[in-house]
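The values are calculated or read from the model by the stated rules, or taken from the named source; none is laboratory data. Values in this document were obtained by computation on a predicted structure and should not be read as measured data. All Cβ positions, glycine included, derive from the backbone under ideal geometry; neighbour counts span all protein chains shown. Ligands, DNA and RNA are stripped out before the accessible areas are found, and what is left, the full protein with its side chains, is counted by its heavy atoms. Shrake-Rupley method; radii C 1.70, N 1.55, O 1.52, S 1.80 Å.
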Amino acid sequence: MNLQAIRAIYAFEMARTKRTLLQSVVSPVISTSLYFVVFGSAIGARMTQVEHVPYGAFIVPGLMMLTLLTQSISNASFAIYFPRFTGTIYEVLSAPVSPFEIMCGYVGAAATKSVLLGLIILATAALFVPMEVRHPFWMLAFLVLTAVTFSLFGFIIGIWADGFERLQLIPMLIVTPLTFLGGTFYSLDMLPPVWRTVTLFNPVVYLISGFRWSFFGLSDVAVGVSFAMTTGFLLACLLIVSWMFRTGYRLKS
Amino acid sequence: MVSVRHLSKTYASGHSALKNINLEIARGEIFALLGPNGAGKTTLISIICGLVNASAGEVRVAGHHIVTDYRAARACIGLVPQELATESFETVVDAVSFSRGLFGKAANPAYIEQVLKSLSLWEKRDARIMTLSGGMKRRLLIAKALSHEPEVLFLDEPTAGVDVELRRDMWRLVRGLKAQGTTIILTTHYIEEAEEMADRVGVINRGEIILVEEKAALMRKLGQKQLAIELSAPLAAVPEALSSYHLALSGDGLHLTYSYGVDGAVGEPPIARLLADLSAAGIAFDDLRTAQSSLEDIFVSLVRPQS
Ligand SMILES: Nc1ncnc2c1ncn2[C@@H]1O[C@H](COP(=O)(O)OP(=O)(O)OP(=O)(O)O)[C@@H](O)[C@H]1O
Ligand SMILES: [Mg+2]
């Protein structure tokens with residue numbers, strides 16, 4: 001293991017995060033606050049509780065997931081795409097570093113940033129509504145697992161993308177809609193039975209459901225299923241990354 | 001130190017960039033790879049450094065196979081790429097320290113300081129890279145390549161777009177590295193550069209190595225220079241006193257051409273002697289012009305006999 005190299009990549013990426021700290025933190029905090037104003041106040045005024053949880057608190061896990069997914073993907077995809085774009089990737093590719101180590105550095109840094117953002121959003125939310133976390137260990141476990149999984153997914157997009165538009169394509173076209181439709185703002189029980197079944201094909205449902213369970217002890221699907229789905233997606237991403245590096249896909253000609 | 005056997009590369013486009021390359025580079029030598037645009041120089045270096053996959057053949061660096069034992073092989077290598085690819089927002093010292101870390105070496109600020117000083121970058125250590133000039137960026141790339149104390153250094157056109165002074169600095173640096181035992185492989189379009197630096201020269205054209213030779217021998221063979229002398233008054237014949245110079249006189253008697261080698265003859269430069277002898281013989285001239293066989297001429301002369 002070239003631990004020095006992992007540390008070097010990780011520190012390099014974290015330094016980049018630090019340089020852009022203000023904008024990285026400010027924008028999710030502002031947008032979360034906006035969600036609270038719009039959804040929490042406007043809708044929450046009519047729908048005060050979902051299964052005994054105040055509506056304002058009910059949407060917090062979903063909002064955290066929304067930020068977690070979009071930030072993990074955009075951070076990690078940018079982190080690997082940008083050096084490809086500028087050509088500085090040559091240095092990483094010519095160093096005595098294994099693909100796994102490269103991935104650890106980039107994905108680790110992206111996931112760290114997302115976890116921090118998630119916690120900042122939780123803290124922001126706590127200013128608006130009283131929050132309880134019933135299973136703190138599981139809350140952190142889901143937070144980290146999701147951050148790592150989607151940073152990995154972003155890493156794949158960053159290797160696959162051959163232009164800045166493509167970098168935005170998947171987050172915009174797939175991830176954001178799936179998150180909005182994945183039960184961020186409502187419980188699946190509120191949907192008509194047909195839509196409920198359709199929604200179960202949305203993988204983000206499982207993430208949000210498990211995460212919400214760690215807060216309030218209630219979930220749309222069994223927690224074990226949530227956990228298994230997330231881990232399964234993580235493994236799938238790992239397989240794709242290892243295939244990419246083995247074949248040099250988009251990295252080596 | 002670097003051993004290339006039967007190496008071929010065909011890009012996905014179908015272009016065959018390298019054809020059965022065989023090359024042995026000894027420890028501690030400076031090897032110059034000469035070739036026109038698109039000859040395959042960068043491709044060859046990129047394969048050795050792990051940036052491009054070979055289609056066939058094998059490469060070893062310090063005895064380590066570059067694919068199966070890539071860690072050991074790459075740890076020996078420093079690469080300065082042809083393109084100026086640098087970070088932008090990072091500082092010079094951070095970027096160089098990052099490179100060292102990537103190669104698995106523990107931080108060593110004293111060594112980094114020494115490298116930056118040797119490249120006149122120490123004053124700029126805390127400057128953001130995007131504020132550096134092109135020449136400074138190139139030196140930064142060299143600093144990054146040297147940051148992990150490589151045994152083999154690849155310089156892909158180190159002096160392209162670099163001013164005369166920096167070129168001299170670069171040559172001095174390379175000689176210094178050689179003195180410390182570093183093996184250096186550089187590519188260039190300039191025969192002058194190969195002449196100045198290299199112990200051996202390889203000429204590559206259309207993906208084939210067409211010649212590998214000791215520099216001195218190559219220069220003797222190819223590096224003929226001509227001095228054209230435009231006379232003030234026509235001469236009927238070359239005077240007896242100048243017969244030892246093998247001068248050629250043009251039909252109109254107004255132009256003398258003197259051919260001489262550039263293999264670094266010791267002692268007094270022959271041109272100075274010739275000019276002194278011309279004045280002594282009472283021959284006045286209006287103008288002087290020297291010409292050297294260009295790389296293009298050399299390619300023509302190398303490629304023609306084969307085709
Ligand atoms: N990624 C690539 N895909 C397809 N063809 C390529 C690729 N990279 C290089 N080539 C082709 O391979 C040939 C050799 O290119 P290479 O960059 O090795 O030349 P070079 O000797 O370094 O030239 P220069 O002196 O211009 O730097 C060229 O014909 C080039 O077009
Ligand atoms: Mg080149």
Note to self: Please return the ranges of helices (runs of 4 or more DSSP H) entirely within the stretch A:58-155 where 3 or more residues are closer than 20 Å to residue A:18 by Cβ.
What the structure shows: A:60-86, A:99-128
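Could you list, in sequence order, all residues of the stretch A:70-96 that are at the interface with chain B (Cβ under 7 Å from one of its Cβ atoms) and free of Cβ contacts under 8 Å to residues at least 24 places away in the same chain? Break it down into steps so the answer makes sense when it comes.
Of all residues in the stretch A:70-96, those at the interface with chain B (Cβ under 7 Å from one of its Cβ atoms) come to A:86-88, A:90-96.
Correct list: A:86, A:87, A:88, A:90, A:91, A:94.
Examine the stretch A:121-136 for a residue that is under 29 Å from residue A:165 (Cα atoms), within 14 Å of another protein chain (Cβ to nearest Cβ) and crowded, with 20+ Cβ neighbours inside 10 Å, and state whether such a residue exists.
No, the stretch A:121-136 contains no residue that is under 29 Å from residue A:165 (Cα atoms), within 14 Å of another protein chain (Cβ to nearest Cβ) and crowded, with 20+ Cβ neighbours inside 10 Å.
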Note to self: Between a residue in the stretch A:8-21 that is more than 9 Å from chain B (Cβ to nearest Cβ) and any residue that is surrounded by 15 or more Cβ atoms within 10 Å (Cβ to Cβ), which pairs come within a Cβ distance under 6 Å, given they are 6 or more apart or on different chains?
What the structure shows: A:10/A:105; A:10/A:108; A:10/A:109; A:13/A:79; A:13/A:109; A:14/A:109; A:17/A:113
Check: Right, residue B:182: hydroxyl-bearing (Ser, Thr, Tyr), more than 16 Å from ligand 2 (Cβ to nearest atom), out of contact with any Gly (no Cβ under 6 Å at 6 or more places or on another chain) and open to solvent by less than 50 Å² (accessible area, probe 1.4 Å) or not?
Finding: yes
Next item on the list: Considering each residue of the stretch B:66-76, count those that are open to solvent by less than 50 Å² (accessible area, probe 1.4 Å), at the interface with chain A (Cβ under 10 Å from one of its Cβ atoms) and touching a residue at least 12 places away in the same chain (Cβ under 8 Å), and give that number.
Entry: 4
Next item on the list: Starting from the stretch B:29-56, take each residue that is modelled with pLDDT under 95 and list its partners that are basic (Lys, Arg) and within 13 Å of ligand 2 (Cβ to nearest atom), counting only C-beta distances under 9 angstrom and pairs at least six apart or across chains.
Entry: B:33/B:41; B:34/B:41; B:35/B:41
Notebook entry, point to check: Under the condition of being out of contact with any Lys or Arg (no Cβ under 9 Å at 6 or more places or on another chain) and near ligand 1 (Cβ under 7 Å from one of its atoms), which residue from the stretch B:37-65 is nearest to the other protein chains (Cβ to nearest Cβ)?
Noted result: B:42
Margin query: Whether any residue in the stretch B:117-139 is surrounded by 21 or more Cβ atoms within 10 Å (Cβ to Cβ), under 13 Å from residue B:170 (Cα atoms) and within 14 Å of another protein chain (Cβ to nearest Cβ) is what I want to check.
Written below: yes
Next item on the list: Look at residue A:245 and say whether it is more than 14 Å from chain B (Cβ to nearest Cβ), surrounded by 15 or more Cβ atoms within 10 Å (Cβ to Cβ) and hydrophobic (A, V, I, L, M, F, W, C).
Entry: no
Note to self: Can you tell me how many residues within the stretch B:137-168 are away from ligand 1 (no atom under 16 Å from the Cβ) and either within 18 Å of residue B:113 (Cα to Cα) or at pLDDT 90 or above (or both)?
What the structure shows: 15
Checklist line | Unmet requirement for residue B:10, which otherwise passes all of (1) within 12 Å of ligand 1 (Cβ to nearest atom); (2) within 16 Å of residue B:143 (Cα to Cα) | finding: (2)
Checklist line | Residue tally, condition open to solvent by 40 Å² or more (accessible area, probe 1.4 Å) and of a type in the set (S, T, N, Q), over the stretch B:140-174 | finding: 0
Next item on the list: Name every residue in the stretch B:78-93 that is open to solvent by less than 20 Å² (accessible area, probe 1.4 Å) and more than 8 Å from every other protein chain (Cβ to nearest Cβ), in order of residue number.
Entry: B:78, B:80, B:92
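Restricting the stretch B:270-284 to residues that are open to solvent by 70 Å² or more (accessible area, probe 1.4 Å) and over 36 Å from the mean Cα position of the chain (by Cα), which is farthest from residue B:257 (Cα to Cα)?
B:280
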Checklist line | Residues that are within 16 Å of ligand 2 (Cβ to nearest atom) and open to solvent by 50 Å² or more (accessible area, probe 1.4 Å), drawn from the stretch B:1-32 | finding: B:11, B:15
